[in-house]
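Below is one structure; the comments refer to it alone.
The values are calculated or read from the model by the stated rules, or taken from the named source; none is laboratory data. Quick caveat: nothing in here was measured; it's all calculated off a predicted structure. Positions of Cβ are generated from backbone atoms using ideal geometry, with glycine treated the same way; all protein chains shown enter the neighbour counts. Only protein heavy atoms, including side chains, enter the accessible area calculation; ligands, DNA and RNA are left aside. Shrake-Rupley method; radii C 1.70, N 1.55, O 1.52, S 1.80 Å.
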Amino acid sequence: MDQNCVLSAKNLSKIYKKKSSKSILALENLNLEVKQGEIFGLLGPNGAGKSTFINILSGTCIKTSGKVNVWGFDLDKNPRQCRASIGIVPQEINVDPFFSPRKLLDLQAGLYGVKKKDRITDVILKLVSLDEQKNSYTRSLSGGMKRRLLIAKALVHQPPIVILDEPTAGVDVQQRKYLWDNLRLLNKQGVTIILTTHYLIEAEEMCNRIGILNKGKLVALDSTKNLLDKIQSKRVNFLINKKVTIDKGTLPNFNILSNTDKEFIIAYDKKKTKLDKIISLIQSQNIEIIDIISDDGDLEDVFFKLTNE
Ligand code: ADP
Ligand code: MG
C-alpha cells in the first residue's frame with residue numbers, strides 16, 4: 001500500500017441478494033486508493049454503486065467480499081477504529097427538526113464519546129457557515145443549510161477523512177458555492193475529502209483525482225487533468241431553423257445531445273470527423289445555420305464515453 005494512502009479498497013464486491021428477484025452485483029472487484037490530503041471524486045450514473053461503496057465504509061452495508069482499509073485499520077478487524085477515522089455525510093437528509101444545530105452537534109459529540117472540554121461545536125458551526133443559525137430550530141433551515149449541518153455532524157469527532165454522498169443534490173447554486181467553499185477550507189486544514197457527485201463540472205473544479213464507476217465497475221481512475229487530456233471528442237452547438245435528419249451510419253462515433261428545430265448539438269470524435277463534414281451534412285438538407293458554438297469537451301464527454309460503452 002502506498003505510504004500516502006489513507007483509504008483503500010481491494011477486490012471489493014457487493015451482491016444484494018433478494019429473495020423474490022435476481023441478486024444485484026452492485027460492486028465488482030473495486031480497487032482504489034485515496035491519498036492523504038486530496039479531494040477525491042467518485043462519479044457515476046445512478047445505480048453505479050457509489051452509495052453502496054460509501055455505505056460499506058459507514059457500516060450500514062455489509063460487503064460481500066474484498067478488503068477495505070481506512071487510516072491503517074482493516075474494516076474486518078477494527079471496524080470501530082475505521083469508523084472513528086471517517087466522518088460520513090449521507091445522501092439522505094436526516095436531521096431531527098426539533099433540535100437546534102448546536103444541540104444536535106452536542107448530541108452527536110456525545111454519541112462519539114467526545115468529552116465536553118474537547119468539543120469544538122462553535123468552530124464547526126462557523127466552518128459550515130451556520131453560526132448565525134446555531135440556536136434556531138433545524139426545521140427552519142433551508143435545504144442547503146441542512147446539508148451543511150450534516151457536514152457539521154460528520155465533523156464532531158474531528159475525523160481525518162470526510163466522505164460526502166451527493167452533497168450538492170437538491171442544493172441551489174448559492175448554497176452550493178458555500179458548501180464547496182466550506183469543503184475547500186476543510187481540505188486546506190488537512191482533511192482528506194471523498195465525494196460522490198453527478199455534477200461533473202463541480203467534480204472537474206473540485207477534485208484532484210477522479211474515479212468513474214459504471215455498473216459496479218471502476219472504468220476510470222486518474223488525475224482530473226489526465227482525464228481531461230484524454231478527451232478526443234469535440235462538441236458543437238448549431239443554432240438552426242429546422243430539425244436535422246441524421247442516421248446512425250452517417251458519421252463515425254458521434255452522439256446527438258440535442259436535436260430540435262432550433263438547435264442541434266453533436267459530440268464527435270475529432271480524430272475521425274471534421275467539422276466541415278457536419279456543416280455540409282446540415283446544409284445539404286437546406287437548413288440554415290444561424291450560429292455555431294464549439295467547445296473542446298469536458299469531463300462530461302469522458303463520462304459519457306465511459307459510461308455508455
Ligand atoms: P448509486 O449511489 O451510484 O446511484 P447505489 O449504490 O445506490 O448506486 O446502487 C447500486 C445498485 O445496487 C443499484 O442497482 C441499486 O438498485 C442496488 N441497490 C442499492 N441498495 C440496495 C439495497 N439496499 N437492496 C437491494 N439493492 C440495492
Ligand atoms: Mg447514491
Spherically averaged projected area of the stretch 232-307 from its Cα convex hull (nm²): 4.7 nm²
State log₁₀ I(q)/I(0) for the stretch 42-172 at q = 0.14, 0.18 Å⁻¹ as given by the Debye formula over alpha-carbon point scatterers of equal weight, solvent excluded. -0.66, -1.03
Have a look at the DSSP beta bridges in the chain and tell me what percent are antiparallel, nearest 5. 70 percent
What's the angle, to the nearest 10 degrees (0 to 90), between helix 173-188's Cα axis and the longest principal axis of the chain? 60 degrees
Do the sum for the chain: with -39,500 (n - 2.57) for every DSSP H run of n ≥ 4, divided by all residues, what is the mean residue ellipticity at 222 nm, to the nearest 500 deg cm²/dmol? -8500 deg cm²/dmol
Ignoring any ligand, DNA or RNA, what whole percent of the accessible area of the stretch 232-307 comes from carbon and sulfur when the probe is 1.4 angstrom? 49 percent
What length, rounded to one decimal in nm, is gained on full extension from Ser23 through to Ser223, with 0.36 nm per residue of separation minus their alpha-carbon distance? 68.6 nm
Take the alpha-carbon positions of the chain, form their convex hull, and give its projected area averaged over all directions (one quarter of the hull surface) in nm². 19.9 nm²
Taking Cα atoms, how many degrees apart are the long axis of helix 101-111 and the longest axis of the chain, rounded to 10 and kept between 0 and 90? 70 degrees
Here the relative contact order (percent) of the stretch 5-228, from C-alpha pairs under 8 Å and at least 6 apart, is 28 percent
Lysine pairs in the stretch 160-253 with Cα distance under 21 Å, only those 8 or more apart or on different chains: how many are there? 6
Within straight-line cross-link reach of Lys103, lysines at Cα separation under 22 Å, skipping those fewer than 8 residues along the same chain: Lys115, Lys116, Lys117, Lys126, Lys134, Lys146, Lys153
Per-q log10 I(q)/I(0), the stretch 171-300, q = 0.14, 0.16, 0.17, 0.20 Å⁻¹ (Debye; single scatterer per alpha-carbon; no solvent): -0.79, -0.91, -0.97, -1.12
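Please state the charge dipole magnitude for the chain, taken about the Cα centre, from unit charges on C-beta atoms (+1 on K and R, -1 on D and E), reported in debye and rounded to the nearest 20.
Roughly 1200 debye, rounded to the nearest 20.
At a Förster distance of 22 Å, what's the computed FRET efficiency of Asp291 paired with Thr250, Cβ-Cβ distance as r, to 0.05?
Numbers: r = 22 Å, r/R0 = 1.01.
The value I calculate is 0.50.
At 1.4 Å probe size, with the rest of the protein present, what percent of the exposed accessible area of the stretch 5-228 is carbon and sulfur atoms?
51 percent
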Sorted by accessible area (1.4 Å probe), largest first, how do Ser142, Ser20, Ser8 line up? Ser20, Ser142, Ser8
Taking 0.36 nm per intervening residue step and subtracting the Cα-Cα distance, what contour gain separates Asn135 from Gln81 on full extension? 16.2 nm
